[in-house]
Amino acid sequence: MIPAAFEYARASSVEEASKLLKKFGEDAKVLAGGHSLIPLMRLRLAQPAALIDINGIKELDHIKEDGQKLRVGALTRHVTIHNSAVVKAKLPLLAEIASEVGDNQVRNMGTMGGVIAHADAAGDYPTLALMLDADIVTNQRTIPARDFFKDLFTTALGPDEVVTEVVFPVANGPHKYVKFRRRLFDWAIVGVAAQKMNGGWRIGLTNVGPTPVRANAVEEALQKGAKAEEAAQHASDGLDPAGDLRASPEYKKHLARVLTKRAINQAEGHQ
Amino acid sequence: MKHKVATTVNGRQHEHEVEPRLLLVHYLRDNLGLTGTHIGCDTSQCGACTILVDGKAVKSCTMFAVQAEGRSLVTIEGMAKGGELHPIQQAFWDEHGLQCGYCTPGFIMAAAYLLEQNPNPTEDEIRKGLEGNLCRCTGYVNIVKAVQSAAKTMSATPAKKATVTAGGN
Amino acid sequence: MAVTQLVGAKIHRREDPRLITGHGHYVDDLTRQGTAYAHFVRSPLAHARIKSIDITDASKSPGVVGVYTARDFKGLLAGTHPAAPAFVAEKKFVPERFPIAEKEVTYQGEIVAAVLAETKSQAADAANLIQVEYQDLPAVMDLEKALQKGSPKSHVDGPDNVCWDFTYTGPEITEAAFKEADVVVKERILQNRLAPVPMEPRGVSADYEGFDKKLTIWMSSQNPHFIRLFVSGAMGLKESQVRVVSPDVGGGFGSKISPYPEDYLVPTLSRIAERPVKWTETRTESIQNATHGRGQFYDCEVAAKKDGTLLGMRVVQYVDVGAYHGTFGAFQPVACLMAGGAYKWKGISARTVGVLTNRVPTDPYRGAGRPEATHLVERMVDLVALELKMDPVAIRRKNFIQPEDFPFTQNFGLVVDSGDYDKALDKALQLIGYDELRKKQAELRKQGRYMGIGFSTWIELCGFGPSAATAPATGGIALVESAQVRVTPTGSVIVYTGTHSHGQGHETTFPQIVADQLGVPYESVELRHGDTAEGTAFGYGTYGSRSLAVGGVAISKAAGKVIDKGKKLAAHMLEAAEEDVVFEHGSFHVKGSPDKSKAFGEVAFASYGMNLPEGMEQGLEAVAYFDPPNLVWPFGTHIAVVEIDAETGAPLLTKYAAVDDCGNIINPMIVDGQIHGGIVQAIAQALYEEVVYDEDSGQLKTGTLIDYSMPTANEIPTILLDKTITPSPTNDLGVKGIGEAGTIAASAAVINAICDALSPLGIKHVDMPASPDKLWKMMKEARN
């Protein structure tokens, strides 16, 4: 299928990208990896008037260790993230998650910033960003992840705002991402990430609501000394997931509990 | 407005003025006449359109031709050299890794990337490495065998490996 | 080359060098000079009245050659979509179908307008500008509700939603059996609707040359001659004026047998626009519009004795026909005739009900009716075994048709030609390590784990087919097959067949047969197919596992005729009596004097010369038709092993073994490939795939490969294969079909394994696809 016609402009810097976004107005879209956008355009479910191609902005493709922070450029590809020695050392959970996004071809193109800005409920990075209190840096400001994901496919980004990097805390303790799906390259039916850090647990859930979810109740229960199995019972507290072809709301809630238990246990090296 | 796109495809340079919306796969098929790269879906699942862009496997249906500006591409037509099949092609032939053949170019290109990254993959690694490609005929059994066999041949004769990404005649 | 070297040998496929190097010729790879591109506007609604179509803006869009609606085609296309009687001789209501809707759309995706433009993108752009005003009508989706009095109708002017309601044998035939019964088990068994998803979607290019009055159609088809027959008729052309070329075909699985609306519209557009026209289907269009498979449910009862003896079966099949009768849509009821499977029964009653709905039509999909029959009988037999606490192996053995029973006339009068079902079962048990598995299962059960072993002792009828059976089924044309074998003056051989490979490797296997038979080098034999302008007068296509068992035998017969003529000529050349000449290893010699001989090539050359025997015409070629005396009957045993995650319900297929028997084998590599692919396609049905429509609106919810879950290499277990060989007595080659076997067998094995795994919870039956959410819910309810 063939997308509707659009204007195309390459930006060589973030400033230029922002200027171009302003110039083309609200119907402009940023083109990074394109793996969410281009299929939508081919189905003509998205018909942007202009695409601002940021693939040439080299400074957005980076992974930097910065004290207790790990800065991942918006244009960093999944493949780069999962192969990165720095990521493996400083935030191995991110490397693990990156290796399970899409397939090889998708990972060669898809980017950190693209997944964050697209804000699909089934996106994996948003879960990690939220649960670790990451910051989303744009050309205009720094937005804490908890304020960034507003709704399904909806973020705090303004029309001429471009995600430039995501700043995660360093965390290299026990960790696990359990991504439950039918086919290996599918999006998560439900995903659960567990990371031990600063003496506590961070637990994040994917695809159980319009935005990623941090399982506060589970974290608190663990803090109080509950075993994984007991704490995981709280994973579905307050959840109201939408059902879809692959899972009913009840099943998603059940999976949230089971996978939370598994994520914690596997992070700790059990099972 | 049309944009210039200059690429190197299978070692040959090309330059065209194209509409921004032209998908890379359509550029290869319709502008360059390289019809070995196939289209099997609209949503980036099937992998029939897989090619190498600067050595990396990419689904050419999920990339615009303008994005290939300045890049070096290898398509299935660039794999056999001087009438000699690439070891992966030979292995697909030997192991009956294809039936209707439509998904095959995409599988061969995905396998080329996989073996470049991991010359001695386990069966599980092969299956995972091919997760972005769908086949309806073979049940994948002989595709996996073909990649195993190609890996053996290629590690036995390392010179063969270079041809995967050299992208030129 | 010696006779036995090629047939039975693993010969590398000839098709492959072009296909692995990117030099295949699929229909979208070909573009004529001056081509205009077609784009079709399709109904977004399942059922609606078309109030108006405004083409004003579209007509003015850049590059547009023309915009067309139903009325533009009315005078140019006649008749209605062909609907073969197949296995249902009497129909109640077959809705008229014109390739483009005028007043009413009856499924989402039905064509309402066509755009022709200079480029693909211009055609797509203009199509987006067409404004169609619809008046929504209720969509008929549920089969049972559709049959109730007062149900909305899938076609507003139709009498009701019953396409057919046909009883093969009434319940009275099973009365005695049910009276004798110690146990009766009942179940409703669903067959999920499936999208065939050949990796190459369809495509049609056409060039109507008005001054010559000649039409050439290039398309992706399993069945070029039938397309020529249908399209020429509808367009008012002679068959002789139309040439259909089907180049390399990227898979079909049944979905490229029947004619489609685009097959008529694209050639007609070429006629209107006076230039070549091309249309290539997208995947989204394909899932929405290519005929679907299965889409049925069965109500079934089985009567048995305490000792496991099967007595009687009562089965009613409900088929979701879709919005129109698929050309071969009434083939699916063959499931009724095959419902007895590999077993002996006192009586089977069977009735089929075809229900019109507002979904895309169903038609044959790999296996077509036979997977449904296998699934049905294998499930029912397991239910009986469960009821009687019998081992599933024991109940099968007890009821198998025995080797000495063949030829065996089954309950519907079909004659099963051969078989040795115990032998295949024994081999499969060994291959999978059955006894060990049962021990392991007992251990795992103690640990609260759900592991199951499932059987499918399947049989198949295929090789369509005998004229007596098939001519009435198609409405007159017997599905026999013809072949032409032509020997050139230098002794090379060109073979023409009316079958057409879409991945089966005929370019390799058919020359294997001919090279052996004529004793010529394999390299000198070429196969031609897929072009109605060449070779046989009529070809019957590739489907129903018929190509070898019918087409291959026709080829062998034609080669035999070539030898017969060669003998006459050789006798003349050797100055011997014809009956004294024998043909062996590629040469004709006089019996008892091997030195008095003429090589095949010498005879071929001589046949084009002078001094032929009196009355003999020049040349060395022959045409043969093969009208098989019976269908052929492959069989086998498949065993699946699954483990179900106790917490998530996710089924994991851990092991799979298959022992199949397709009689004599031409190329074992290709046979194994067919079985692998077939098995995986059925695993896909059992665990992953289902076409889902919204039950109220009729909107397709699985319209892309994101939602339509065709599995990748990662969801498939290691598959172990073995075989037995029981040559078919039906044809001289002793061959049976194998293209559909895997698909016919496997879904039952997988689902039986799942039911076995869950039997400790009291779960007796699971429908397809057995998805984790479904299994979890069943397990949860069973535990409560």
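Here are the numbers:
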{"item": "Range of Cα positions in the protein assembly as shown per principal axis (Å), largest first", "result": "101, 75, 69"}
{"item": "Cross-link table C:701/C:774; A:252/B:59; A:253/C:780, entries beyond 21 Å C-alpha to C-alpha", "result": "A:252/B:59"}
{"item": "For the pair B and C, total buried accessible area rounded to nearest 100 Å², probe 1.4 Å", "result": "4100"}
{"item": "For the stretch C:11-57: rounded, prolate or oblate by the Cα gyration tensor [a/c cutoff 1.5]", "result": "oblate"}
{"item": "DSSP beta bridge pairing in the stretch A:7-53, given as percent antiparallel to the nearest 5", "result": "0"}
{"item": "Contact order normalised by residue count of the stretch A:7-53, Cα under 8 Å, 6+ apart, percent", "result": "55"}
{"item": "Whether the stretch C:422-480 is rounded, prolate or oblate, judged on the alpha carbon gyration tensor where a/c under 1.5 counts as rounded", "result": "prolate"}
{"item": "Probe 1.4 Å - accessible area at residue A:196, Å² to nearest ten", "result": "70"}
{"item": "Which of C:778, C:219 is most accessible, then next, and so on - probe 1.4 Å", "result": "C:778, C:219"}
{"item": "Protein accessible area in the stretch C:481-626, 1.4 Å probe - carbon and sulfur %", "result": "50"}
{"item": "Within chain A, helix-based [θ] at 222 nm, where runs of 4 or more DSSP H residues each add -39,500 (n - 2.57), nearest 500", "result": "-9000 deg cm²/dmol"}
{"item": "Accessible-area value, residue A:66, 1.4 Å probe, nucleic acids and ligands omitted, Å²", "result": "70"}
{"item": "Among A:258, A:115, A:190, residue whose mean-square fluctuation peaks in a GNM of chain A (springs only between Cα atoms under 10 Å)", "result": "A:258"}
{"item": "Interface residues in the stretch A:41-83 - accessible area drops by 30 Å² or more relative to the isolated chain, probe 1.4 Å", "result": "A:42, A:43, A:44"}
{"item": "Which listed pairs, of A:90/A:176; C:346/C:764; A:176/A:196; C:179/C:389; A:64/A:196, have C-alpha distances above 18 Å, in listed order", "result": "C:346/C:764; C:179/C:389; A:64/A:196"}
{"item": "Heavy-atom accessible area ranking, 1.4 Å probe, most first, across C:702, C:474, A:154", "result": "A:154, C:474, C:702"}
{"item": "Residue C:721 accessible area, 1.4 Å probe, all protein chains in place, Å² to nearest 10", "result": "50"}
{"item": "Total accessible area lost when C and A pair, probe 1.4 Å, Å² to nearest 100", "result": "2300"}
{"item": "Overall form of chain C per C-alpha gyration tensor (a/c, 1.5; a/b vs b/c)", "result": "oblate"}
{"item": "1.4 Å probe, heavy atoms, protein only - residues of the stretch B:78-121 losing at least 50 Å² accessible area vs chain alone", "result": "B:93, B:94, B:96, B:98, B:99, B:100, B:102, B:113"}
{"item": "Antiparallel bridges, percent of DSSP beta bridges restricted to the protein assembly as shown (to nearest 5)", "result": "80"}
{"item": "Stokes-Einstein D in µm²/s, Kirkwood radius over Cα pairs - the stretch C:609-739 at 37 °C with 0.692 mPa s viscosity", "result": "171"}
{"item": "5 angstrom amide H check on residue C:119, placed H, neighbours 5+ away", "result": "C:37"}
{"item": "Alpha-carbon centroids, the stretch C:66-92 and the stretch C:557-596: separation in whole Å", "result": "53"}
{"item": "Within 10 Å of each Cβ in C:276-286, the average number of Cβ atoms from other chains", "result": "3"}
{"item": "Share of carbon and sulfur in the accessible heavy-atom surface of chain B [1.4 Å probe, %]", "result": "48"}
{"item": "Label-point separation in nm, residue C:33 to residue C:102, each point 7 Å along Cα→Cβ", "result": "3.9"}
{"item": "Buried on assembly, the stretch A:200-247 (at least 50 Å² less accessible surface than by itself, 1.4 Å probe)", "result": "A:245, A:246"}
{"item": "Accessible surface, per residue, of the protein assembly as shown when the full set of protein chains is kept, probe 1.4 Å, Å²", "result": "34"}
{"item": "Heavy-atom accessible surface of the stretch A:58-169: percent carbon and sulfur, 1.4 Å", "result": "49"}
{"item": "Pairwise label distance in nanometres, residue C:76 with residue C:528, each label 7 Å out on the Cα-Cβ vector", "result": "3.1"}
{"item": "Segment residue C:782-residue C:580, length gained on full extension (0.36 nm per residue, minus Cα span)", "result": "65.0 nm"}
{"item": "Mean separation of Cα contacts under 8 Å (6+ apart) over length of chain C, as relative contact order %", "result": "16"}
{"item": "Candidates A:207, A:55, A:198, ranked by Gaussian network fluctuation over chain A, Cα under 10 Å, top entry", "result": "A:198"}
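The values are calculated or read from the model by the stated rules, or taken from the named source; none is laboratory data. Here the structure is a predicted model, which is why all the values come from computation and not from measurement. Note that we place each Cβ from the backbone using ideal geometry, even for glycine, and neighbour counts take in every protein chain shown. The protein model used for the area step is the full one, side chains on, heavy atoms only, and it has no ligands, DNA or RNA in it. Shrake-Rupley method; radii C 1.70, N 1.55, O 1.52, S 1.80 Å.
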